[in-house]
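Colleague: Dropping the structure in here first, questions after.
The values are calculated or read from the model by the stated rules, or taken from the named source; none is laboratory data. It should be emphasised that the depicted structure is a prediction, and the values quoted were computed from it without experimental measurement. Here Cβ is always computed from backbone atoms with ideal geometry, including for glycine, and neighbour counts include all displayed protein chains. Each accessible area value is taken on the protein alone, full model and side chains, heavy atoms only, with ligands, DNA and RNA left out. Shrake-Rupley method; radii C 1.70, N 1.55, O 1.52, S 1.80 Å.
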Amino acid sequence: MTTKQIQAIGNFLTYYRTDLNYIRKFQDFKNGKITAENYIKKDVGSFYSFLIEFRVVRNFLSGTVDKLLAETSTWIKTENSDDVDLFAQKLANSGLTRGNVMASMASKILFLNNPWEIIPMDSLARKTLNQKQNKYAIYNQNLIEFRKQNETIFESLINYTNPLTNIIHDEFKDLENLNLICKNRIVDKLLWTNGK
């Protein structure tokens, strides 16, 4: 195991429970178990807290978290719910991101809706993939290749962390396919760590 892989494991274990909590809260909001008013409060697991922790709060106009959540809520009900680039363009057109196309921010938000398929994109992940373009469609293609090339590493990291993630999973049995979310979060953390 390399030092980068060890760092990725440390980063993954530090944030995994918090990530699952953000995912669960979004799923609860989506299913009507949490009101928009409560979900945008600065509480543990809230949409607002997620935007701060994932460092995207600076990408949209101050005081518009409610509008961003409303745009997101509308978007995830469309047939393009997983189209990160289109969502980023929609947010730019709405004026929420000051006219800027924020694909990284869009990927992080849509990750909450579909953590089984969407791995957030940021500059460090793109650096690992030698990608200059800020397009999620290109990132996703590069990610497919990265995953193929590193499948044995991911399996090794998953096996190493399994005793610990199984304990965390006991708390989140309401979330579907936790093993896939777990693997995607490990992929994300290895991309992030390699890009540093």
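Colleague: Which entry is the computed volume of the Cα convex hull per residue in Å³ for this structure: (i) 146; (ii) 115; (iii) 280?
Modeller: Step by step, volume of the Cα convex hull per residue in Å³ for this structure corresponds to label (ii).
Colleague: Helix-derived [θ] at 222 nm for the chain: sum -39500 (n - 2.57) over DSSP H runs of at least 4, divide by residue count, nearest 500? Present the calculation step by step, with values, prior to reporting the outcome.
Modeller: Values: 10 runs with 128 residues, N = 196.
It comes out at -20500 deg cm²/dmol, rounded to the nearest 500.
Colleague: Could you give me the ³J(HN,Hα) list for segment 100-108, computed from phi with Karplus coefficients 6.51, -1.76, 1.60 and θ = phi - 60°, whole Hz, x at Gly and Pro?
Modeller: Values per residue, Gly and Pro as x: 8, 8, 9, 5, 4, 4, 4, 5, 5 Hz.
Colleague: If D28, D82, D19 are ordered by their accessible area, calculated over protein heavy atoms with a 1.4 Å probe, which sequence runs from highest to lowest? Don't jump to the answer; show the numbers that get you there.
Modeller: Details: D28 35, D82 60, D19 5 Å².
Order by accessible area, largest first: D82, D28, D19.
Colleague: Extending each Cα 7 Å along its Cβ direction at R17 and Q89, get the distance between those two points in nm, one decimal.
Modeller: 4.2
Colleague: Please find the FRET efficiency linking K41 to L61, where r is the Cβ-Cβ separation and R0 is fixed at 25 Å, and quote it to the nearest 0.05.
Modeller: Working: r = 19 Å, r/R0 = 0.74.
It comes out at approximately 0.85.
Colleague: Report ³J(HN,Hα) in whole Hz for each residue of segment 92-99, in order, from the Karplus equation J = 6.51 cos²θ - 1.76 cosθ + 1.60 where θ = phi - 60°; Gly and Pro get x.
Modeller: Taking θ as phi minus 60°, the curve returns 5, 5, 6, x, 4, 9, 6, x Hz for segment 92-99.
Colleague: Suppose every K and R has +1 on its Cβ and every D and E has -1 on its Cβ; what is the size of the dipole of the chain about the Cα centre, in Debye to the nearest 20? Before the final figure, lay out each step's value.
Modeller: On the way: 26 positive and 21 negative charges, 131 e Å.
Rounded to the nearest 20 debye, it is 620 debye.
Colleague: While we're on this one: Determine ³J(HN,Hα), in whole Hz, for all residues of segment 147-161 in sequence, where each value follows from phi through the Karplus function 6.51 cos²θ - 1.76 cosθ + 1.60 and θ = phi - 60°; x replaces Gly and Pro.
Modeller: Running phi through 6.51 cos²θ - 1.76 cosθ + 1.60 with θ = phi - 60° gives 5, 4, 5, 10, 4, 5, 5, 4, 4, 5, 5, 5, 4, 5, 8 Hz.
Colleague: Which one, Q27, T97, P163, is farthest towards the positive end of the dipole of the chain when Lys and Arg carry +1 and Asp and Glu -1 on their Cβ?
Modeller: Positive-end residue among those listed: T97.
Colleague: Mind checking the log10 I(q)/I(0) for segment 81-196 at q = 0.19, 0.20 Å⁻¹? Debye, one equal scatterer per Cα, no solvent, two decimals.
Modeller: Treating every Cα as an identical point scatterer, log10 I(q)/I(0) equals -1.03, -1.10.
Colleague: I would also like to ask the following. Mind pulling the angle between the C-alpha long axis of helix 3-30 and the longest principal axis of the chain? Nearest 10 degrees, somewhere in 0 to 90.
Modeller: Tilt of helix 3-30: around 40 degrees.
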